[in-house]
Amino acid sequence: SHPPLCPPGIKCGGVLSAPSGNFSSPNFPGLYPYETECTWLIVVAEGSSILLSFSHFELEYHAACAYDYLQVYNGAARDRGNLLGTFCGRSPPPPFSSAWHVMAVVFRSDRHVAKRGFSAAYRKDACGGQLTGLSGEITSPRYPESYPNDAECRWSIGAPDGGTPLTLVFVDFQVEGGQGCGFDYVAVFDGPTAAAPRLGRYCGSARPPRTVSSTPHLLILFKSDFNIGGRGFKAHFYSAGECQEVFTAIKGNFSSPRYPNFYPNNLKCQWSIQLPLGYRIRIFFLDMDLEGRSILTGSCDYDHVAAFDGGAENGSLLGQWCGQESPAPVTSRSNRVLLVLHTDRNTARRGFSIAYVGAVVPMNVSCTRTDFHIQIPVQSLAQLERNRIYLGTPSCAAQVVGRNFKIHTRFDTCGTESQKRNNTSVIISTLYIDFSVGDQEDIHQYEVQCEPKRKEASVTLIAGPDPSRLSQAENLVDAQQQEGEATDTREIKSRDTSDIIFISICILAGLLMVLAVVGLVLL
């Protein structure tokens, strides 16, 4: 039989709810026992934060901390999304500042090699500390209440992968002003210490600019003097790369941080897709496993990913998803889309994988033996007037019918011409869509083709934002008919009116010939 995980008489773990306190491994400063597991849950008043620091640290060493280890969680233990780090050996963990009022520490020893263990202290509402993670939030002491006098806080932020820059964004800022910010101020340094280059020193009520580090570290220093305070500040930070990316390629893919492993908690990640004018963005959800919907509201109130048209969170919401949903592909109405991942304080999952492709304007082109019919959803060209869409010449501009731009024209108008292609007679014309803004010319040209005998139409992009991308946009009808709104069945029937008239005349002529022959025989 094995010894118990927590030997009798050994004080191990518990709930720590005092404003400050100390705790240590069992038997400290003596050797800790074998096969022991202890969990300390630190809970302070809601709205407060916790600063955790270690004064002594000595555990059995292993490169992956697989034997004896200590784990620090930014919230409840055993939620992988809350894990701040796993530590062993003789290098103590850095001071940690929690993102909310709960923190957990887990100590585990195996059946071999015991060391002296650790000693730790915590206190609530301490400002500053070591912050790691893909994203997080910092606030001045007591925010949004007035901060205390004679405060000095240092937040040292390190990117978890040690290689990507950090972005700092202030969402609220009110600090005592003054010439040269000599009284109260916030200073930002491009590195882990105040010896690094200073990126800015700020005070007053104007929000500091968005700051991007050149290293995987930032130091934020806040100081207040002996009088006159303010509301203070609130700022978000996030690591570039996994949690903050901009895509300009015509197609690409990305996934939630650490996918397919569990994503971290307390995230706000943004992916911006920005394509040239005239493009729309088609988003495909390859895999999704987020925290599920709220039982009370049935909505995605916890972890969720949302897509916004136009490239900003104040744009039109294209959709919001969570759980293990399999969303249908989504198409933007503009050339920019912003995807945002929010995760809360607990219950992390595998995350998501997304692919996107830039699509040219969705349209439905058909023809009869005598006419072209072109239909484009208004929502896909929402910024354009109808006279910016024309066939052949500006005089053949589109009409707005219901939710569609429509062009219905005979082959003998609008610059159409007859050609032989592969020994087949075809009718050719050019559709122009003018996206130009000011002096920036941006006219897309599509070749529209009809084979009258078979009544088959096709459309091909022949001039767009970048000639190197034309191969991506050929043969659009098959690939993008689903993009447009479904064509009214009655309208489809009406398109063949000329064919019906032609057939009717042929039948009538045949009947007249039969009657004439019968009449001659009777005579």
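Taken together, the values in this text are just the output of simple stated rules run on the coordinates, not laboratory data. All values reported here derive from a predicted model rather than from experimental measurement. Cβ atoms come from the backbone with ideal geometry, glycine included; neighbour counts cover every protein chain shown.
Rounded to two decimals, what ratio of Rg to Rh does segment 57-128 give with C-alpha atoms and a Kirkwood Rh? Don't jump to the answer; show the numbers that get you there.
Working: Rg = 12.7 Å, Rh = 13.0 Å.
Taking Rg over the Kirkwood Rh, I get 0.98.
Net charge within 13 Å of residue 443 by Cβ-Cβ distance, Lys/Arg positive one each and Asp/Glu negative one each, not counting residue 443 itself?
Residues close to residue 443 contribute a combined charge of -2.
Here the convex hull built on the C-alpha positions of segment 130-238 has a volume of 87 cubic angstrom per residue.
Within the shell of other residues whose beta carbon sits under 15 angstrom from the beta carbon of residue 226, the net charge comes to -4, with Lys and Arg scored +1 and Asp and Glu -1. 3J(HN,Hα) along segment 136-144, derived from phi through the Karplus expression 6.51 cos²θ - 1.76 cosθ + 1.60 where θ = phi - 60°, amounts to x, 9, 10, 9, 5, x, 6, 3, x Hz, with x in place of Gly and Pro.
Within segment 84-115, which trypsin sites (Lys or Arg not before Pro) sit in a loop by DSSP and count at most 15 neighbouring Cβ atoms inside 10 Å?
Passing both the DSSP loop test and the Cβ count: 90, 111.
Translational diffusion of segment 362-463 was estimated from the Stokes-Einstein equation, with Rh taken as the Kirkwood radius over Cα pairs; at 4 °C and 1.567 mPa s the coefficient is 93 µm²/s. Label separation (residue 385 vs residue 513): 5.4 nm, computed from points 7 Å beyond Cα along the C-beta direction.
If you average the sequence gap of Cα pairs under 8 Å that are 6 or more apart and divide by the length of segment 13-125, what percent do you get for the contact order? Let's see the in-between values first.
On the way: 300 pairs, mean separation 49.8, N = 113.
The normalised contact order for segment 13-125 reaches 44 percent.
Counting only lysines at least 8 places from residue 251 when in the same chain, those with an alpha carbon closer than 24 Å to its own are 268. Applying the criteria of a DSSP loop state and at most 12 other Cβ atoms within 10 Å to the GluC sites (Glu not before Pro) of segment 397-447 yields 441. Under 5 Å from the amide H of residue 404 lie the amide H atoms of 378, each residue being 5 or more positions distant or on a separate chain, with H modelled from the backbone and absent for Pro and chain starts.
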